[in-house]
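In what follows, a structure is listed as structure tokens, so that the remarks can point back to it.
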Amino acid sequence: MARPAAGRAMAMALAAAAAAALLLALAPPPGQAQQEDRTFLTHSGAVVRTSGEVLDPMYAVSTVEFDPDAYLREFHYGTVSELPDGTVLREFTIVAEDGLVMEVAPGVFYNVWTFNGTVPGPTIRATEGDLVRIHFVNNGSKEHTLHFHGIHEARFDGVFEPVGPGGGRFTYEWRAEPVGVHPYHCHVMPLEEHIAHGLYGVYIVDPKEGRPPADEMVMVLNGLDTDFDGENNFYAANTVPFHYQHHPVRIQQGELVRVYVVNMVEFDPVNNFHLHGNLYHYYPTGTDTVPSAYTDMVTLSQTERGIMEFSYDYPGRYLFHAHKVEFSEKGWSGVFLVGESGPEYG
Amino acid sequence: MADPGAGRRQRGRARAAAAGLVPFAFVVAMAAYVAGPGSEAIGLGVPLPDVSIERIDFVDGEIRAVVRNTGPVPVSVAVADVNDRIQPAAVEPDGRLERFESALVRIPFPWNEAEPYTVGITTDDGTRFERRVDAAAPSLEPDAGTAGLLATLGVYVGVIPVMVGLLWLPFMRGMRSRRLVFFLSLTAGLLLFLGADAAEEALSLASGVTGEENGLDAGFGGAMLVVVSASLSFLALHWAGGMLARRAGGSGNGRASPMAAALMISAGIGLHNLGEGLAIGAAVGLGEAALGAFLVLGFALHNTTEGIAIAAPLAGSGGPRRTPVLALAALGLLAGAPAILGAWMGGFLYSPLSAAVFLSIGVGAIFQVAWVVLRWVRDMERGPGGPGAGFPGAAAAAGLAAGMSIMYATSIIV
């Protein structure tokens with residue numbers, strides 16, 4: 001009896017050892033790190049150390065291919081010439097593409113459809129009454145168009161005149177009206193897909209007499225549905241989630257700030273814009289010179305837009321974000337860094 | 001020693017080896033052509049990434065998730081979120097995951113006890129994967145106190161009930177053959193039930209049916225993981241048992257001796273109790289204390305019957321006159337103590353993969369032991385003094401039926 005029992009015991013010991021080895025191989029990695037060499041911040045400012053990689057699109061300073069800082073204050077006035085009757089002609093070239101894969105948030109890559117290589121496309125700016133002529137080239141693999149909000153002839157509406165892929169061309173032309181801030185976007189079906197992938201931009205029509213001087217900027221409120229489930233994974237002002245959180249928008253104490261805000265979020269019915277430590281005068285669609293509200297909160301539906309004007313009395317860091325907190329916690333939040341007025345600032 | 005045939009034999013062997021290798025070489029060549037580096041022979045379809053969150057721990061001010069790449073392509077973990085809200089986090093050792101590689105995602109988060117949380121992981125292609133925990137509970141600290149508590153639970157569930165069950169040995173000893181056939185069949189019935197029970201558990205775990213908390217990703221083959229693990233365990237025990245029986249000189253018919261049979265039943269039941277320990281440890285680890293307490297009571301009652309299974313072969317006429325108490329205790333420990341080990345594993349390093357594999361090994365072991373016992377019953381029925389030639393006879397059928405019914409009745413208490 002003794003020998004077989006011993007043999008069996010040995011067989012079982014072997015089996016147990018094999019099982020233990022298997023378990024070790026399959027076990028999750030240990031939480032303790034050998035080498036603690038990176039840190040990151042929590043919301044409350046606590047410092048956390050890690051031996052691994054930091055996943056922090058919020059507070060860790062990072063950049064991706066698209067630069068929201070450059071976009072923020074970049075206005076395109078076009079190639080300017082004068083017609084015999086004295087009208088100013090502004091000519092623009094906009095090229096559509098749909099094959100780019102771009103890093104839209106740190107480490108996240110997404111197939112963006114672009115006007116002139118960026119999301120949003122270039123901010124087109126003209127003065128009321130100018131003749132705007134846009135040479136549109138479709139270098140994508142699908143049909144695209146340009147559909148501008150505003151007043152124009154039916155044939156330039158960019159809906160029933162699809163422009164073919166692989167170099168198709170179309171020239172749009174109209175008088176710049178009405179005064180205000182308007183979106184433009186592709187209007188090919190399925191429309192939601194073409195917009196959600198990034199085919200949109202901002203078109204500003206200035207009044208002839210101009211607006212009071214201000215620090216002007218454009219914020220397109222948009223979202224990215226990176227896994228195509230009909231819900232946005234990321235939200236932002238100007239595409240890159242949390243960008244203005246770690247790259248605060250620098251403005252100056254006492255100086256008038258004018259923000260052209262356009263809501264291009266798809267899938268979610270509304271978006272909104274809340275400013276901290278201040279209120280703004282709000283001009284819906286920018287079409288009127290009298291503000292409709294003095295508030296710190298406006299709600300915007302799809303392509304709803306307006307102009308916000310404010311100036312800060314006190315220096316410091318002020319948050320601005322969607323008060324639909326889901327959006328702000330998925331990227332649509334940023335910081336105004338108000339510098340003290342004085343010669344040393346700048 | 002000059003052996004003229006030796007060279008020829010060697011050549012013949014080499015030729016046979018080569019013949020065996022040739023088809024294999026072709027397969028390797030084809031695989032290299034189709035899927036090797038630089039090959040563009042197969043570019044069909046888009047491989048979709050898949051990441052599964054295997055385990056979520058709530059520690060002091062932090063949520064920890066073990067994530068594994070269970071898809072066909074390497075992925076990088078890019079973003080972590082809690083309840084679909086992006087959080088600053090870290091991934092250790094790094095976010096790049098090859099196939100089946102795992103990493104630990106640490107998310108500093110002031111979680112509240114007993115509230116549900118969904119942890120999400122977004123990969124580099126923008127796809128988000130998530131897992132929900134119904135009630136957050138602090139993870140077990142791997143210290144002596146917790147280890148002691150889990151060990152105590154293991155003793156309640158495994159060791160004590162089995163030992164109590166073994167006390168039926170004197171009652172069964174010296175029984176007439178027909179009665180013993182009944183009790184051995186009862187044992188087989190118990191074992192068949194336990195095997196089916198463990199198989200169901202392993203299958204639901206492996207095919208992700210348990211889903212929310214503990215499921216295993218389909219990338220591991222689902223039911224086939226269970227089938228293969230159980231078959232390997234069955235074959236290994238079958239081979240080992242047969243070899244031992246032959247070596248012991250046994251009865252010559254490959255049947256195990258009573259002591260060997262008792263030992264094998266103990267080992268099989270031990271593997272089963274490991275699974276029960278895992279269930280209890282995991283329930284405690286996941287903060288489901290109420291479920292844990294229920295499991296302890298139910299398994300304890302249930303496992304008393306396992307003692308009968310071990311005692312039955314020893315009670316037979318072929319068995320030893322007297323079984324040393326120490327040997328009995330050792331058998332009981334072999335069957336019961338793995339519950340302690342299981343509780344530790346379930347509580348401290350639960351992973352659905354290891355749980356599914358261990359449960360499957362238990363399935364194979366239990367069915368193998370049931371097989372051994374049933375063969376024994378058949379031999380007794382046909383042998384001298386046996387109830388008759390037919391198998392199963394009335395006693396065996398009644399025993400099987402009673403065994404399964406008892407197990408069912410005690411199991412639904414859990």
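Laboratory data are not the source of any read-out in this text; all were calculated from the coordinates shown. Please read these numbers as outputs of a predicted model, since none were measured by experiment. Methodologically, a virtual Cβ is constructed for each residue, glycine included, from the backbone with ideal geometry; neighbour enumeration extends over all protein chains shown.
The table that follows gives values for the structure above.
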| quantity | calculated |
| --- | --- |
| Leading residue at positive end of dipole, the protein assembly as shown (Cβ point charges), from B:T305, B:V59, A:Y59 | B:T305 |
| Spacing of the two label points (7 Å from each Cα toward its C-beta) at B:V28 and B:S231, in nm | 2.6 |
| For chain A, built as a Gaussian network whose Cα springs stay under 10 Å, the top-fluctuating residue of A:E143, A:E329, A:E53 | A:E53 |
| Cα long-axis angle, helix A:2-26 against chain A (0 to 90 degrees, to the nearest 10) | 10 |
| Kirkwood Rh (inverse of mean 1/r, distinct Cα pairs), the protein assembly as shown, angstrom | 31.5 |
| Residue with peak Gaussian network fluctuation, chain A [Cα springs, cutoff 10 Å], from A:V290, A:V181, A:V265 | A:V290 |
| Cβ charges +1 (Lys, Arg) and -1 (Asp, Glu), total dipole of the stretch A:81-234, debye | 360 |
| Exposure proxy ranking, count of Cβ atoms within 10 Å, fewest first, for A:L224, B:L359, B:L97, A:L83 | A:L83, B:L97, A:L224, B:L359 |
| Most positive-pole-ward Cα, B:I412, A:T289, B:A337, against dipole of the protein assembly as shown from beta carbon charges | B:A337 |
| Taking B:D94, B:D81, A:D229 and counting other C-beta atoms within 10 Å, the order from fewest to most | A:D229, B:D94, B:D81 |
| DSSP bridge pairs, chain A: antiparallel proportion in percent, nearest 5 | 70 |
| Cleavage-rule hits (chymotrypsin sites (Phe, Trp or Tyr not before Pro)) in the stretch A:115-193: DSSP loop, at most 11 neighbouring Cβ within 10 angstrom | A:F160 |
| Aspartates and glutamates with Cα under 16 Å of A:K142, excluding same-chain neighbours fewer than 8 positions away | A:E97, A:D98, A:E161, A:E192, A:E193 |
| Reciprocal of mean inverse Cα separation for the stretch A:206-346 (Kirkwood radius, Å) | 15.5 |
| Loop-resident sites, the stretch A:35-119, for trypsin sites (Lys or Arg not before Pro), counting at most 16 other Cβ within 10 Å (DSSP) | A:R73 |
